[in-house]
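Step one of this worksheet: look at the structure below.
The values are calculated or read from the model by the stated rules, or taken from the named source; none is laboratory data. Everything quoted here is computed from the prediction, not taken from an experiment. FYI the Cβ positions are ideal-geometry reconstructions off the backbone, even for glycines, and counts take in every protein chain you see.
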Amino acid sequence: MERPSATLEHYEAAMLLSGVGDALGYRNQLWEYNESGPAIHQELKELGGLKNIKVELPDWPVSDDTVLHLATAEGLATGKTGEELLHDVAARYVEAMKDMDGRKPGPSSILGVSQLRPGEEGGYRVAYNPEGTGCGAAMRSMCIGLRYPKPDQLDTLVSVAVETGRMTHPHPTGFLGGVAAALFTAYAVQRRPITSWGLGLITEACPLAKSFVKERGHAVEETERDWDFFCDKWQWYLDLRGISNGVGPVVWPSSYGPAERDEVYKSFSLSGWAGRSGHDAPMIALDALLAAGSDWEELMSRAAFHGGDSDSTAVIACCCWGLLYGTQGVPKGNYSNLEYRDRLVRSAEQLYTLSH
């Protein structure tokens with residue numbers, strides 16, 4: 001079925017539902033750090049299921065993911081470009097770090113932001129960090145695809161995702177996660193079949209990112225040394241799912257409930273913590289999108305309610321899902337009183353205008 005092209009409502013749903021996925025996957029620190037999908041599903045049942053949850057303060061705050069995604073989005077919404085944009089986003093990351101009480105930012109995000117010097121020459125760049133492999137760039141980059149959604153803007157999308165990602169996650173496993181999240185939202189706007197997204201990532205976006213890093217001349221040697229893991233793991237995933245040709249049919253395990261998914265998601269990961277890294281947060285998001293279709297509850301079951309970094313996988317999946325399906329079938333209580341709702345909607349409107 002042909003989906004209608006992305007409207008303003010789709011953009012609003014993308015930003016809004018990304019925040020919802022974050023708040024639900026996080027559950028005020030209770031679920032982000034819960035390693036058992038079955039235990040989370042049991043607690044969800046005790047709460048009366050997804051349709052009974054009113055996502056609002058104080059019980060369902062957004063995490064660092066949405067605060068930093070908003071910082072990226074509001075920087076892009078200014079319409080600035082080039083170095084001016086990068087300094088602006090860097091300044092917003094510094095400011096966003098003052099809003100982290102109870103939101104649990106990751107160590108690379110804290111370290112990276114502490115090194116930013118927005119306004120000074122090259123002040124949006126930080127030293128190479130061999131530990132900067134986490135999902136902090138991926139979870140805040142979806143809006144880059146909203147700003148640069150057209151196929152002929154791929155160069156710009158990649159360069160902005162690399163440079164904003166490197167502000168905290170200068171390791172390629174980290175910042176290429178930002179490229180993946182931005183790319184997938186652009187593909188969702190373009191209505192590209194979901195089975196083709198991973199192939200586009202490794203054949204179109206990653207080679208552009210590699211050339212860009214070389215051309216910019218910052219930490220080239222270290223970046224190239226650590227480059228291959230991200231692309232190799234993604235190739236492994238596409239082979240596993242039978243979509244390395246970009247078409248499918250998708251190959252699923254015969255049994256793939258919450259307990260099985262925990263084990264499979266762990267096999268995606270860098271160190272056993274599913275969704276924690278730049279490569280596997282978008283990977284779990286894509287896995288959920290491939291399986292869920294237009295079913296919101298199924299998407300959340302797979303993207304938000306699993307053992308591991310569940311808010312970061314959900315924030316990416318829900319942004320793409322909102323672009324594809326709007327808020328259709330989403331219980332109003334899940335989004336009508338979300339923390340920072342107005343800012344999310346406003347940035348969506350601004351990005352929609354700029355993208356057209």
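Are there any pairs with C-beta distances below 9 angstrom linking a residue in the range 344-356 that is more than 18 Å from D22 (Cβ to Cβ) to a residue that is surrounded by 14 or more Cβ atoms within 10 Å (Cβ to Cβ) and among the polar types (S, T, N, Q), with the two at least 6 apart or on different chains, and if so which?
Qualifying pairs under 9 Å: Q350/T78; S355/Q153.
Please state which of the following conditions P58 fails to meet, knowing it meets all the rest: (1) part of a loop (DSSP other than H, G, I, E, B); (2) at pLDDT 95 or above; (3) surrounded by 15 or more Cβ atoms within 10 Å (Cβ to Cβ).
(3) is the only condition that P58 fails.
Scan the range 278-301 and report the pairs whose first residue is of a type in the set (D, E, K, R) and whose second residue is outside any helix (DSSP H, G or I), with Cβ atoms within less than 6 Å and a gap of 6+ or a chain change.
From the range 278-301, the pairs are D280/S269.
Can you confirm whether the range 213-225 contains a residue that is within 18 Å of D280 (Cβ to Cβ) and either modelled with pLDDT under 95 or part of a helix (DSSP H, G or I) (or both)?
Within the range 213-225, none of the residues are within 18 Å of D280 (Cβ to Cβ) and either modelled with pLDDT under 95 or part of a helix (DSSP H, G or I) (or both).
Do you know which residues across the range 320-334 are farther than 23 Å from P4 by Cα and surrounded by 22 or more Cβ atoms within 10 Å (Cβ to Cβ)?
Within the range 320-334, just N334 meets the criteria.
Only one of (1) out of contact with any Leu (no Cβ under 9 Å at 6 or more places or on another chain); (2) of a type outside the set (V, I, T); (3) outside any loop (DSSP other than H, G, I, E, B) is not met by A274, so which one is it?
(3)
Could you pull out the residue among A317, A281, A274 that is surrounded by 24 or more Cβ atoms within 10 Å (Cβ to Cβ) and at pLDDT below 95?
A274
Across the range 88-108, which residue is nearest to D309 (Cα to Cα) among those that are in contact with a Leu (Cβ under 8 Å, 6 or more places away or on another chain) and touching a residue at least 60 places away in the same chain (Cβ under 8 Å)?
Y93
Report whether or not H169 is buried (at least 19 other Cβ atoms within 10 Å of the Cβ), more than 18 Å from the chain's Cα centre (by Cα) and in contact (Cβ under 8 Å) with a residue 24 or more places away in the chain.
So H169 does not fit the description; no.
Quick one: in the range 265-277, of everything that is in contact (Cβ under 8 Å) with a residue 24 or more places away in the chain and more than 13 Å from the chain's Cα centre (by Cα), which residue is farthest from A314 (Cα to Cα)?
L270
Given the options D311, D342, name the one that is assigned to a helix (DSSP H, G or I), surrounded by fewer than 23 Cβ atoms within 10 Å (Cβ to Cβ) and among the acidic types (D, E).
On inspection, the qualifying residue turns out to be D342.
As an exercise: evaluate Q42 against (1) within 28 Å of L354 (Cβ to Cβ); (2) exposed (fewer than 14 other Cβ atoms within 10 Å of the Cβ); (3) out of contact with any helix residue (DSSP H, G or I) (no Cβ under 7 Å at 6 or more places or on another chain) and give the number of the one condition it does not meet.
Condition not satisfied by Q42: (1).
Checking the conditions here, which among E163, E131, E215, E120 is surrounded by fewer than 16 Cβ atoms within 10 Å (Cβ to Cβ), touching a helix residue (DSSP H, G or I) at 6+ places or on another chain (Cβ under 8 Å) and either farther than 21 Å from S269 by Cβ or touching a residue at least 12 places away in the same chain (Cβ under 8 Å) (or both)?
Just a single option satisfies the conditions, and that option is E131.
Quick check on the range 177-223: of everything there that is in contact with a Gly (Cβ under 6 Å, 6 or more places away or on another chain) and of a type in the set (A, V, I, L, M), which residue is farthest from Y11 (Cα to Cα)?
Applying the filter and picking the extreme gives L199.
Out of the residues in the range 249-271 that are under 21 Å from C231 (Cβ atoms) and part of a loop (DSSP other than H, G, I, E, B), which is modelled with the lowest pLDDT?
Among them, the one singled out is S271.
If A281 passes every condition in (1) of a type in the set (G, A, S); (2) over 18 Å from L176 (Cα atoms); (3) touching an Asp or Glu at 6+ places or on another chain (Cβ under 9 Å) but one, which one does it miss?
(2)
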